[in-house]
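Everything below concerns the one structure shown next.
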Amino acid sequence: MAARSLSAFPISPSNPQSIPKGARDSPVSLAWNRGPSCLASSFNGSKLSVVPPRSRRLVRRFNSAVATVLLSLPTGKPDRASTDKLPKWSARAIKSFAMAELEARKLKYPNTGTEALLMGILVEGTSLAAKFLRANGITLFKVREETVNLLGKSDLYFFSPEHPPLTEQAQRALDWAVDAKLKSGESGEITTTHLLLGIWFEKESAGHMILSSLGFTDEKADEVAKSMDKDVILSYE
């Protein structure tokens with residue numbers, strides 16, 4: 001549309017006053033007043049791109065906000081919410097959390113529980129934790145089936161919120177992962193393996209019960225714990 005509007009006026013680079021009076025306040029005219037470099041004629045096949053400075057500022061602010069969200073997950077400890085000294089979550093762990101919210105919504109559950117966190121790890125699928133689970137016969141299909149058997153189906157006409165809030169057990173699993181990373185003294189990020197073990201050590205949670213029913217044991221937890229600090233290849237920076 002912008003190219004057509006430009007072709008309707010015989011604009012000459014050497015004579016900006018040739019723009020009709022009624023069109024001088026148009027976006028095209030305003031862009032011309034900022035300088036010839038902002039316009040390109042449609043007659044020579046080049047593109048017209050008019051981006052006001054204000055729009056550029058809005059884009060930068062939006063990207064900054066997204067980056068802030070992606071570098072952290074919810075915490076149940078208020079003293080941690082504003083500190084920059086905590087280790088960051090890995091890209092895979094953050095994606096696993098996002099997939100967990102999606103799985104809770106698919107099942108029409110009102111909250112994101114430990115069972116959803118477990119499904120999120122498997123949906124993301126590329127982490128060492130997810131590969132370990134699959135190698136031991138714990139698949140997304142089986143976890144979904146066990147979830148429905150344990151928690152039941154939601155009402156057909158119930159719709160989950162866009163971001164189903166965490167259950168207390170799921171929040172404690174996230175906080176356990178952060179605590180474990182801090183206690184280890186290792187550098188790097190909090191990984192999906194930390195998250196998986198956080199689910200496992202929340203003994204009364206649905207996620208722990210599902211893992212246990214599918215053959216996950218304390219011995220396997222010890223085995224997967226050996227790779228806790230290795231799954232840090234991808235990161236949002």
Original post:
Accessible area, 1.4 Å probe, largest first: how do Tyr109, Tyr157 sort?
Top reply: Tyr157, Tyr109
Original post:
Which entries in Lys106/Lys142; Lys142/Lys181; Lys95/Lys230; Lys131/Lys230 show an alpha-carbon gap greater than 21 Å?
Top reply: Lys142/Lys181
Subject >> Mean Cα-pair separation over length for region 152-237, i.e. relative contact order, pairs under 8 Å, 6 or more apart, % >> reply: 29 percent
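To the nearest 20 debye, what is the magnitude of the charge dipole of region 121-237 about its Cα centre, counting +1 on the Cβ of each Lys and Arg and -1 on the Cβ of each Asp and Glu? Numbers along the way, then the final one.
Values: 12 positive and 19 negative charges, 67 e Å.
So the dipole magnitude of region 121-237 works out to roughly 320 debye.
How do the peptides 178-186, 166-174, 126-134 rank, highest first, by the average count of neighbouring beta carbon atoms within 10 Å per residue? List each step's numbers first, then the result.
On the way: 178-186: 14.4, 166-174: 22.3, 126-134: 20.3.
Order by mean packing, descending: 166-174, 126-134, 178-186.
Within 10 Å, count the other beta carbons around each residue, average over each peptide in 189-195, 85-91, and list them highest first. Working shown, then result.
Values: 189-195: 27.6, 85-91: 19.1.
Those peptides, ordered most packed to least, come out 189-195, 85-91.
The values are calculated or read from the model by the stated rules, or taken from the named source; none is laboratory data. All of these numbers come straight from a predicted model, not from anything done at the bench. Cβ atoms come from the backbone with ideal geometry, glycine included; neighbour counts cover every protein chain shown. Surface accessibility is based on the protein's heavy atoms, side chains included, excluding ligands, DNA and RNA. Shrake-Rupley method; radii C 1.70, N 1.55, O 1.52, S 1.80 Å.
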